[in-house]
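Enquirer: Below are the structure tokens for one structure; questions will follow.
The values are calculated or read from the model by the stated rules, or taken from the named source; none is laboratory data. Here the structure is a predicted model, which means the values were calculated and not measured. As a convention, Cβ positions derive from the backbone with ideal geometry for all residues, glycine included, and neighbour counts pool all protein chains shown. Surface areas here come from the heavy atoms of the whole protein model, side chains and all, with no ligands, DNA or RNA. Shrake-Rupley method; radii C 1.70, N 1.55, O 1.52, S 1.80 Å.
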Amino acid sequence: MSNRYVIILAAGKGTRMKSRLYKVLHPVAGKAMVDHVLTQVEKVQPDLIETVIGNGAEKVKALLGDRTKYALQTEQLGTGHAVLQTEDVLGDKDGITLVATGDTPLFTADTFEKLFDFHEKEGAAATILTAHADNPFGYGRIVRNANGDVEKIVEQKDASRSEQEIQEINTGVLCFDNKLLFEELHKVNNDNAQGEYYLPDVISLLKEEGKKVSAYQMADLSESLGVNDRVALSQAEKIMQRRINEAHMRDGVTIVDSDNTYIDVDVEIGNDTVIEPNVKIFGKTSIGSECVIGSGSRISDSEIQDNVEVISSTIESAVMHKGSNIGPNSHLRPKAEIGRDVHIGNFCEIKNAKIGDRTKVGHLTYVGDATLGTDINVGCGVVFVNYDGVKKWHSNIGDHSFIGSNSNIVAPVEMADHSFIAAGSTITKDIPKHAMAIARERQTNKEDFWNRLPLSNSEDWK
């Protein structure tokens, strides 16, 4: 098998996106478009990958790191000029080079692999990746001869009536004999309205020299969608979401309404988990088996273990251990860790806190910068007062403790095992084991207070 190389073109700014973010860095299903392309290319295991960068070069390099080599295109003078920037590294190598663009996030490794194999089997100088389009309007048509070899690529505006009826179109991905590619690139001119050097012109030069040009037709036209504006970005997102959701469903996940469920590409979900409608799952999230993720939930960069129930809540950079549950309308903020069989009820917020196994935080409670042990009951309306205006302070609550409703714990506080806080208390001191802390004003009843009121004899007050 010949050596295989890949060039990814990612130098363009993408002015039609009307964005400060460079085009290839726009995300689709949680990953930048150029990262999608590189990820699929890596699965083919080529001998070398080189990415041509220009606009946003440093940001592209920061994202992709050392997964690829880089060539800098300081002036954007067309796709042919961009490929030529890789000549110092690739120009003298024997093998096959595939050229793809960084704004086509839907191509798969399987398609790239089949294109390489077809090109090598054909012994062609170049191979065009094509697809069937029911409505080919706007695409370049592939004109073949009687032997099936490519005669030419004809653009929509130049096509005859019969050529316009051709439904095999050019996707823009090309394979070349590597040395021939660079030889021909030096012959390409910029005699066009844009004054640029175009890579497809190499195909015409090869045909003029009598060299074989082939075309491989892939199965799914949607893979070739190029993103040049926000409309196409939305289309790519929908196609990718459908692909992601179908893969999870085939792996044993129930997605009740896949058209209204949004899951990033790197999310992992175990079998027999149920995802209800209008759920969004982002980033490097992992969800275990036999979970329920209820409608309206939003989860990002979090670990959800087996048998967890999340009802209409937000979870970000947090961990929920096996058998725990949360919601509705609660929020786990970064560094929240919820132990086994813990119950977090409605309208609770947990931040930078660890909740021990079987502890219950029922409702209307804020737990911030705290470590709670096991088997604790936290009443309604409890607030961990963790910030003094300058610094965040930490509190520790022992196992089997009881915190009464509407209590304030002014950190730092140490509450020993088997201790109690009476409802309505504001706690500022440590509580020893088996003790109950009461920190509230003593109740006083004023006898006959009613009769002292000026309006006590009014009919409206009786």
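Enquirer: Toward the positive end of the charge dipole of the chain, about the Cα centre and with charges on Cβ (Lys, Arg +1; Asp, Glu -1), which of Gly339, Gly30, Val265 goes farthest?
Expert: After comparing all options, I get Gly339.
Enquirer: What's the magnitude of the charge dipole for the stretch 350-453 around its Cα centre, counting Lys and Arg as +1 and Asp and Glu as -1 at the beta-carbon? Answer in Debye, nearest 20.
Expert: Details: 12 positive and 11 negative charges, 45 e Å.
Dipole size: approximately 220 debye.
Enquirer: Cβ under 12 Å from Met33's Cβ, Met33 left aside: what net charge do those residues give with Lys, Arg +1 and Asp, Glu -1?
Expert: Details: positive: Lys23, Lys31; negative: Asp35, Asp103, Glu237.
Computed value for this residue: -1.
Enquirer: Give the residue from Gln443, Leu185, Thr68 lying farthest towards the positive end of the charge dipole for the chain; charges sit on Cβ (+1 for Lys and Arg, -1 for Asp and Glu) and the dipole is referred to the Cα centre.
Expert: Selected residue: Gln443.
Enquirer: To the nearest 500 deg cm²/dmol, what mean residue ellipticity at 222 nm is calculated for the chain from DSSP H runs of n ≥ 4 alone, each contributing -39,500 (n - 2.57), summed and divided by the residues?
Expert: -5500 deg cm²/dmol
Enquirer: A further question follows. First select every other residue whose beta carbon is under 12 angstrom from the beta carbon of Gly56; then total the charges, Lys and Arg +1, Asp and Glu -1. Intermediate results must be reported in sequence, preceding the final value.
Expert: On the way: positive: Lys13, Arg20, Lys23, Lys59, Lys61; negative: Glu58.
Here the charged neighbours net out to +4.
Enquirer: How much accessible area per residue does the chain have, in Å², with a 1.4 Å probe? Spell out each step's value before the answer.
Expert: Values: 22750 Å² over 462 residues.
Counting only protein heavy atoms, the per-residue value for the chain is 49 Å².
Enquirer: Past the 26 Å Cα-Cα mark, which pairs from Lys121/Lys238; Lys354/Lys392; Lys179/Lys207; Lys351/Lys391; Lys284/Lys354; Lys121/Lys152? Could you put the intermediate results ahead of the total?
Expert: Working: Lys121/Lys238 35 Å; Lys354/Lys392 16 Å; Lys179/Lys207 16 Å; Lys351/Lys391 15 Å; Lys284/Lys354 21 Å; Lys121/Lys152 21 Å.
From Lys121/Lys238; Lys354/Lys392; Lys179/Lys207; Lys351/Lys391; Lys284/Lys354; Lys121/Lys152, over 26 Å: Lys121/Lys238.
Enquirer: Answer rounded, prolate or oblate for the stretch 358-417, using the Cα gyration tensor with square roots of eigenvalues a ≥ b ≥ c: rounded when a/c is under 1.5, else prolate when a/b is larger than b/c, else oblate. Walk me through the numbers on the way to the answer.
Expert: Values: a/c = 2.18, a/b = 1.38, b/c = 1.58.
Oblate.
Enquirer: So, one more: Which pairs in the list Lys93/Lys211; Lys43/Lys187; Lys23/Lys212 are over 27 Å apart, alpha-carbon to alpha-carbon? Can you show the working numbers first?
Expert: On the way: Lys93/Lys211 19 Å; Lys43/Lys187 33 Å; Lys23/Lys212 34 Å.
Over 27 Å apart, Cα to Cα: Lys43/Lys187; Lys23/Lys212.
Enquirer: Angle, helix 109-122 long axis vs. longest principal axis of the chain, Cα atoms, 0 to 90°, nearest 10?
Expert: 10
Enquirer: Taking the Cα centre of the stretch 4-224 as the origin, how large is its charge dipole in debye, to the nearest 20, when only Lys and Arg (+1) and Asp and Glu (-1) carry charge on their Cβ atoms? Provide the component values of the computation, followed by the final result.
Expert: On the way: 25 positive and 35 negative charges, 153 e Å.
Dipole about the Cα centre, nearest 20: 740 debye.
Enquirer: For Kirkwood radius over Cα pairs in Å, several values are listed as [x] 26.5; [y] 24.6; [z] 22.9; flag the one computed from this structure.
Expert: From the options [x] 26.5; [y] 24.6; [z] 22.9, the structure gives [x].
Enquirer: Stokes-Einstein diffusion coefficient for the stretch 350-453 at 25 °C in a medium of 0.890 mPa s, Rh from the Kirkwood formula over Cα pairs: what value in µm²/s? Mind dumping the intermediate values first?
Expert: On the way: Rh = 14.2 Å.
My calculation gives 173 µm²/s for D.
Enquirer: For the chain, what's the relative contact order in percent, using C-alpha pairs closer than 8 Å and at least 6 residues apart?
Expert: On the way: 1171 pairs, mean separation 37.4, N = 462.
About 8 percent, as a whole number.
Enquirer: Now a separate question. Restricting to DSSP loop positions (anything but H, G, I, E, B) with no more than 10 other Cβ atoms inside 10 Å of their own Cβ, which trypsin sites (Lys or Arg not before Pro) remain in the stretch 1-87?
Expert: Values: sites: Arg4, Lys13, Arg16, Lys18, Arg20, Lys23, Lys31, Lys43, Lys59, Lys61, Arg67, Lys69; in loops: Lys13, Lys18, Arg20.
Passing both the DSSP loop test and the Cβ count: Lys18, Arg20.
Enquirer: Follow-up. Which of the listed residues, Tyr197, Ala215, Gly91, is farthest toward the dipole's positive end in the stretch 4-224, when Lys, Arg count +1 and Asp, Glu count -1 at the beta-carbon?
Expert: Checked the options; the winner is Tyr197.
Enquirer: Between the DSSP loop rule and a limit of at most 15 other Cβ atoms within 10 Å, which GluC sites (Glu not before Pro) in the stretch 358-448 are left? All intermediate terms of the calculation are to be shown ahead of the outcome.
Expert: On the way: sites: Glu414, Glu441, Glu447; in loops: Glu441, Glu447.
Listed in order of number, the matching sites are Glu441, Glu447.
Enquirer: Hey, what do the phi angles of the stretch 247-252 turn into as Karplus ³J(HN,Hα) couplings, whole Hz, using 6.51/-1.76/1.60 and θ = phi - 60°, x for Gly and Pro?
Expert: These are the phi-based 3J(HN,Hα) values: 5, 5, 5, 5, 8, x Hz.
Enquirer: With all protein chains present, how much of the accessible area of the stretch 350-453 (probe radius 1.4 Å) comes from carbon and sulfur, to the nearest whole percent? Intermediate values should be presented prior to the final figure.
Expert: On the way: 3030 of 5810 Å².
Percent of accessible area from carbon and sulfur atoms in the stretch 350-453: 52.
Enquirer: Right, here's the next one. Check cross-link reach from Lys59 to the aspartates and glutamates: straight Cα distance under 13 Å, and skip same-chain residues fewer than eight apart.
Expert: Partners within reach: Asp35.
Enquirer: Rounded to whole Å and sorted largest first, list the principal axis extents of the Cα atoms in the stretch 1-154.
Expert: Taking max minus min along each principal axis of the Cα atoms, the stretch 1-154 gives 49, 38, 30 Å.
Enquirer: Note down the magnitude of the dipole of the chain about its Cα centre, charges +1 on Lys and Arg C-beta and -1 on Asp and Glu C-beta and zero elsewhere, to the nearest 20 debye.
Expert: 1500
Enquirer: So, one more: When a/c reaches 1.5 or more, the comparison of a/b and b/c decides; with that in mind, is the stretch 92-143 rounded, prolate or oblate per its Cα gyration tensor?
Expert: On the way: a/c = 1.98, a/b = 1.52, b/c = 1.31.
Note, shape of the stretch 92-143 comes out prolate.
Enquirer: In sequence order, what are the phi-derived ³J(HN,Hα) couplings for the stretch 20-34 according to the Karplus relation 6.51 cos²θ - 1.76 cosθ + 1.60 with θ = phi - 60°, rounded to whole Hz, with x for glycine and proline?
Expert: Running phi through 6.51 cos²θ - 1.76 cosθ + 1.60 with θ = phi - 60° gives 6, 8, 5, 3, 5, 8, 5, x, 10, 6, x, 9, 4, 3, 5 Hz.
Enquirer: Right, another one. Under the rule a/c < 1.5 gives rounded, and otherwise a/b versus b/c splits prolate from oblate, where does the stretch 245-295 land using the Cα gyration tensor? Intermediate values should be presented prior to the final figure.
Expert: Details: a/c = 1.23, a/b = 1.03, b/c = 1.20.
Since a/c stays below 1.5, the shape of the stretch 245-295 is classed as rounded.
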